Amino acid sequence: MFPRYFNPMAVVSIVGQILTFQNGEGLNMKISIERSLNPEPDECKLSIEGLDPFRARLMGQVFRETRVGQAVTVQLGYDVIPVAAFSGLLETFDDNVPQGPALWTHATAGDAADIFDDVKLPPGLSSNVGLTPLEQINIAMAAMGILPGPSVAPVVAGASPLAQGPFSASGVRRASDLLDAACLTLRCRWWVRDRQLHLARNGLPDPSRLAVIIAPMQPGPRMPGVPLVAPPSFGGGGIMNCTTFMDPTIVPGGQVSYQGGLFRVEHVIHSAETRSTSPWTSSIVGRAL
């Protein structure tokens, strides 16, 4: 993705304000973005040092008065090549917090966190009896107020003809229950990102996504790919844990390639501290495909 992993940059939009760090200049910001394949919202944590106290207080007032619908976006990258790393809604905002000699502003945001709050189904719908997986998915998306991502149609179309029914009925109460039932039949997993539903077939790569190559640690010229910060470790069930230089194109549901092996990204934390001399990192949990 990036020609080189040098000269990192960040662009943060929060409460209508644009905060940047580029070419070594800008506010001191600590950014942590945690993303997962589990059906739970992605989370972004921001800590900003030295924001003008009046400006920070005004931002806090706007958040507390409006409370709902304050968007937060984060772009990260290198050499003035920004990539979207997070988009969600502001959940907490604490301005002008004393920490030593400095004032800090802390904020958290979630991606589609509202849809994981016990979203109810239409009245009278208490079972998935007679519903195909696609019908279950469409009803759940309508209840959640989300759209299908690019992976939904291929996963449904590529399912076995037996996945179209008939099925044994199961009780459903929430929109997520319908998605769980549909994915059990289709043998896939579901998650939500950027208010879109995504599906991934169990044990199979997503052909719509190119794998991000992780360069091995070895003497001599750097190999193509995102560099490792430390050697990877491997566990049971085909799990690989590794930390690379930050690359926001590494997302759960996508793939990474390491020394000829292909791994689905199960979990990733992108971490950046703009005034630190340490590299910005992506901590990855992958499962072999």
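Identify, please: which residue in the range 156-201 is at pLDDT 80 or above and at positive phi and is, among those, surrounded by the most Cβ atoms within 10 Å (Cβ to Cβ)?
Filtering the range 156-201 down to residues at pLDDT 80 or above leaves 156-158, 174-201.
Next, only the ones that are at positive phi stay: 187, 194-195.
Numbers: R187: 14, D194: 15, R195: 17.
Of everything passing the filter in the range 156-201, R195 is surrounded by the most Cβ atoms within 10 Å (Cβ to Cβ).
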- When A230 is run through (1) part of a strand (DSSP E or B); (2) surrounded by 16 or more Cβ atoms within 10 Å (Cβ to Cβ), the failure sits at (2)
- Message: Can you tell me which condition D79 does not meet? The list is (1) of a type in the set (D, E); (2) surrounded by 16 or more Cβ atoms within 10 Å (Cβ to Cβ); (3) touching a residue at least 40 places away in the same chain (Cβ under 8 Å), and all the others hold.
- Response: (2)
- Message: Can you list residue pairs whose Cβ atoms sit under 7 Å apart, with the first residue in the range 176-205 being part of a strand (DSSP E or B) and the second being at pLDDT below 85 and aliphatic (A, V, I, L, M)? Count only pairs 6 or more apart in sequence or on different chains.
- Response: V192/A112; V192/I115
- Does the range 1-11 hold any residues that are farther than 22 Å from G60 by Cα and buried (at least 16 other Cβ atoms within 10 Å of the Cβ), and which are they? M1, F2, Y5, P8, M9
- Picked from the range 1-49 (must be part of a loop (DSSP other than H, G, I, E, B) and within 17 Å of the chain's Cα centre (by Cα)), the residue modelled with the highest pLDDT is D42
- Query: Just checking, how many residues over the range 12-39 are surrounded by fewer than 15 Cβ atoms within 10 Å (Cβ to Cβ) and of a type outside the set (G, A, S)?
  - Reply: 5
- Message: For a quick check of your reading of the model, give me the residue pairs whose first member lies in the range 122-144 and is surrounded by 20 or more Cβ atoms within 10 Å (Cβ to Cβ), whose second is among the hydroxyl-bearing types (S, T, Y), with beta-carbon atoms closer than 6 Å and at least 6 apart or on different chains.
- Response: N128/S170; P133/T185
- All positions within the range 233-253 that are over 24 Å from T73 (Cα atoms) and either part of a loop (DSSP other than H, G, I, E, B) or without any contact (Cβ under 8 Å) to a residue 24 or more places away in the chain (or both): S233, F234, G235, G236
- Query: Looking at this structure, is I214 surrounded by 19 or more Cβ atoms within 10 Å (Cβ to Cβ), among the hydrophobic types (A, V, I, L, M, F, W, C) and assigned to a strand (DSSP E or B)?
  - Reply: yes
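The values are calculated or read from the model by the stated rules, or taken from the named source; none is laboratory data. From a predicted model like this one, the values you see are computed outputs, not experimental measurements. Cβ sites come from the backbone with ideal geometry, for glycine too, and all protein chains shown count toward neighbours.
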